[in-house]
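Remarks on the structure that follows.
The values are calculated or read from the model by the stated rules, or taken from the named source; none is laboratory data. All values derive from a computational prediction rather than experimental measurement. Note that we place each Cβ from the backbone using ideal geometry, even for glycine, and neighbour counts take in every protein chain shown.
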Amino acid sequence: MTILNDILDFSKMEAGRLELDAIPFKLRDNVEGATTLLAVGAYEKGLELLCDVAAEVPEVVVGDPTRLRQVVVNLLGNAIKFTEKGEVEVRVETESRDKEGVCLHIAIRDTGIGIPPEKQRHIFDAFTQADMGTTRQYGGTGLGLAIASRLVEMMGGRIWVESLVGLGSTFHFTVRLGTAERTPEESRGPAVSLTGLRALVVDQNAASRRILESLFSRWGLRATSAQGAEAALSVLHEAKRSGDLFRVVLIAAQVSETDGFALAEQIHHNPEMGGVTVVMLTSAGQRGDAARCRRLGVEAYLTKPLRQEELREAIQTALRGRGPETGSSFLVTRHSLSGPSRKLRILLAEDNRVSQQLAARLLEKRGHSVVVAGNGREAMMALGKQSFDLVLMDVEMPEMDGLEATAAIREKEKGSGTHVPIVAMTAQAMTGDRERCLAGGMDDYIPKPIRKEDLYEKVEQFVPEPNAPVATDLPGAATNRPDS
Ligand code: ADP
């Protein structure tokens with residue numbers, strides 16, 4: 001998977017077809033997320049992993065969060081791969097700041113094998129590895145650094161390395177990012193009530209139209225729906241004639257994405273329809289979509305699967321209009337919406353590296369934070385150190401399996417009145433499996449291989465209601481809860 005993605009990315013860059021997004025995101029979350037993602041690998045080798053974002057670094061920056069994270073993950077992955085003992089540290093500092101934005105300096109330092117001087121110049125070239133002996137021991141494609149260096153260049157920065165053989169390496173890079181005082185929600189106008197506003201749902205799928213329409217009605221919107229672009233345009237024209245204008249158009253690009261974007265474009269270029277807020281909902285987020293949306297005047301862009309609360313928040317935010325200082329470049333996306341009220345702190349107990357990464361990535365994409373444990377015993381240790389809103393527990397694990405760990409957790413909870421939700425994950429989709437998990441003290445069950453929709457649905461049923469009391473701490477666990 002990694003090799004394939006690397007090659008795809010690389011050929012896209014070679015062809016100049018890689019577009020960067022420019023959306024507001026929280027820098028600290030981004031970098032810390034990258035670190036968390038690779039933490040298991042580091043801890044398994046007994047390495048110390050540190051992440052230090054200097055206090056003066058702006059909280060919200062404007063850029064491409066996915067690509068920035070990709071560079072950090074890449075360098076951090078290498079640092080962990082080529083280090084046998086000691087530590088790996090990520091440091092983020094501000095190099096300079098001006099009216100346009102900020103230049104950040106990110107350094108990834110390791111105490112690993114180091115790179116000889118004559119090799120240092122070439123490692124940023126495609127398909128180059130410091131020496132073949134290393135490759136055989138460590139594996140890899142030799143593309144990681146080439147991709148990282150191009151991405152850095154595209155982000156207006158540069159990349160370099162300082163290294164001493166036997167002592168370690170520090171990879172440095174800089175990036176230019178825009179700044180925003182606040183996230184787009186915070187910098188928008190006052191809240192608007194949805195009650196009585198006209199909204200149009202454009203979706204090819206009848207069931208989906210029905211669901212969205214009834215959802216809209218529940219929020220007090222006056223909803224109408226259309227099956228495709230043509231029908232939508234005629235409804236919009238009709239509204240114009242009658243004077244009862246639409247305020248929101250939700251384009252759910254169900255089947256044909258081009259159709260959805262084309263409709264957005266037509267609405268954008270039609271001055272008669274000025275003032276209508278367009279929200280795009282797509283099933284497959286493509287990199288570069290954000291740039292496209294902005295060009296087409298789309299106010300908010302969301303990918304499926306969608307949470308109702310998220311859609312409502314996005315519509316409300318989009319309707320609030322753009323604050324004077326934010327200019328026209330702000331798009332409401334999941335990255336800017338992921339309000340802390342919905343974030344879960346999840347412990348993922350899973351021994352398979354690929355499943356770990358997959359689940360962690362999917363969960364983090366939704367704004368949850370994830371700590372990974374490699375088996376039941378590690379999960380117990382993690383629970384003793386900090387509190388979690390939920391545990392995702394693989395059933396088959398070495399040392400201490402999911403059922404044993406669950407039994408131990410439930411035993412510890414006895415008498416304390418606490419109950420941390422545990423969701424089992426198991427590959428054996430056999431009848432009776434579910435029952436076995438539930439009987440073993442687990443709260444729910446997800447079959448493997450994990451499907452994104454399943455995962456979100458099962459996990460997010462445990463999102464606490466705002467202001468609901470939370471009592472998931474194990475006795476003896478630290479009490480400093482994440483700011484949820
Ligand atoms: P690979 O997929 O081989 O890791 P990269 O382009 O990421 O490809 O790295 C190229 C080469 O640079 C690696 O094979 C390795 O020899 C060297 N290298 C990269 N990072 C480090 C590091 N932190 N410590 C030592 N050597 C490194």
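Listing for the model above:
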quantity: All helices (runs of 4 or more DSSP H) inside segment 289-398 with 2 or more residues being more than 21 Å from VAL73 (Cβ to Cβ) and at pLDDT 80 or above; calculated: 308-319, 376-385
quantity: Residue check, GLY63 within 12 Å of the ligand (Cβ to nearest atom) and touching a Lys or Arg at 6+ places or on another chain (Cβ under 9 Å); calculated: no
quantity: From the options ALA39, ALA34, residue that is touching a Leu at 6+ places or on another chain (Cβ under 9 Å) and closer than 30 Å to VAL298 by Cα; calculated: ALA34
quantity: Where a residue in segment 161-173 is at negative phi and its partner, wherever it lies, is within 11 Å of the ligand (Cβ to nearest atom) and aromatic (Phe, Trp, Tyr), with Cβ under 8 Å and at least six apart; calculated: VAL161/PHE171; SER169/PHE82
quantity: Single match in GLU95, GLU89, GLU118 (criterion: farther than 21 Å from GLY157 by Cβ and out of contact with any Gly (no Cβ under 7 Å at 6 or more places or on another chain)); calculated: GLU118
quantity: Of the criteria (1) over 27 Å from the mean Cα position of the chain (by Cα); (2) modelled with pLDDT of 80 or more, which one ALA477 fails; calculated: (2)
quantity: Selection from segment 77-107 of residues that are within 12 Å of the ligand (Cβ to nearest atom) and among the β-branched types (Val, Ile, Thr); calculated: ILE80, THR83, VAL88
quantity: Conditions (1) touching a residue at least 12 places away in the same chain (Cβ under 8 Å); (2) assigned to a loop (DSSP other than H, G, I, E, B): number failed by ARG17; calculated: (1)
quantity: Test: residue in segment 122-129 that is at pLDDT 65 or above, in a strand (DSSP E or B) and within 9 Å of the ligand (Cβ to nearest atom); calculated: no
quantity: Test set (1) at pLDDT 90 or above; (2) more than 12 Å from the ligand (Cβ to nearest atom); (3) surrounded by fewer than 19 Cβ atoms within 10 Å (Cβ to Cβ) - GLY166 fails condition number; calculated: (2)
quantity: Check on ARG176, within 22 Å of the chain's Cα centre (by Cα), more than 11 Å from the ligand (Cβ to nearest atom) and surrounded by fewer than 22 Cβ atoms within 10 Å (Cβ to Cβ); calculated: yes
quantity: LYS119 over 21 Å from VAL72 (Cβ atoms), near the ligand (Cβ under 8 Å from one of its atoms), surrounded by fewer than 19 Cβ atoms within 10 Å (Cβ to Cβ) and at pLDDT 80 or above; calculated: yes
quantity: Where ARG150 falls short, out of the listed (1) modelled with pLDDT of 70 or more; (2) of a type in the set (Lys, Arg); (3) within 16 Å of the ligand (Cβ to nearest atom); (4) surrounded by fewer than 15 Cβ atoms within 10 Å (Cβ to Cβ); calculated: (4)
quantity: Test: LEU68 is closer than 23 Å to ASN5 by Cβ and either within 12 Å of the ligand (Cβ to nearest atom) or in contact with a helix residue (DSSP H, G or I) (Cβ under 9 Å, 6 or more places away or on another chain) (or both); calculated: yes
quantity: Sole residue being at pLDDT 85 or above and farther than 19 Å from LEU145 by Cα, chosen from GLY63, GLY33, GLY112, GLY77; calculated: GLY63
quantity: Subset of segment 218-240 [assigned to a helix (DSSP H, G or I) and either among the aliphatic types (A, V, I, L, M) or at pLDDT 90 or above (or both)]; calculated: ALA229, ALA231, ALA232, LEU233, SER234, VAL235, LEU236, HIS237, GLU238, ALA239
quantity: Within segment 36-52, tally of residues that are closer than 22 Å to ARG366 by Cβ and surrounded by 21 or more Cβ atoms within 10 Å (Cβ to Cβ); calculated: 3
quantity: Scan of segment 417-454 for residues that are among the small types (Gly, Ala, Ser) and either out of contact with any helix residue (DSSP H, G or I) (no Cβ under 8 Å at 6 or more places or on another chain) or at pLDDT below 75 (or both), ordered by number; calculated: GLY417, ALA427, ALA429, GLY432, ALA439
quantity: Any chance THR141 is among the hydroxyl-bearing types (Ser, Thr, Tyr), at pLDDT below 95 and surrounded by fewer than 17 Cβ atoms within 10 Å (Cβ to Cβ); calculated: no
quantity: Test: residue in segment 46-55 that is at pLDDT 85 or above, within 15 Å of the ligand (Cβ to nearest atom) and under 15 Å from the mean Cα position of the chain (by Cα); calculated: no
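Results for (1) basic (Lys, Arg); (2) under 15 Å from SER163 (Cα atoms); (3) touching a Cys at 6+ places or on another chain (Cβ under 9 Å); (4) not in a loop (DSSP other than H, G, I, E, B), shown as yes or no for each residue.
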site	(1), (2), (3), (4)
GLU100	no, no, no, no
LEU104	no, no, no, yes
ILE108	no, yes, no, yes
ILE115	no, yes, no, no
LYS119	yes, yes, no, yes
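Okay, residues lined up against (1) without any contact (Cβ under 8 Å) to a residue 60 or more places away in the chain; (2) surrounded by 15 or more Cβ atoms within 10 Å (Cβ to Cβ); (3) farther than 16 Å from MET280 by Cβ:
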{"site": "LEU197", "(1), (2), (3)": "no, yes, yes"}
{"site": "ALA207", "(1), (2), (3)": "yes, no, yes"}
{"site": "ALA226", "(1), (2), (3)": "yes, yes, no"}
{"site": "PHE246", "(1), (2), (3)": "yes, yes, no"}
{"site": "ALA264", "(1), (2), (3)": "yes, yes, no"}
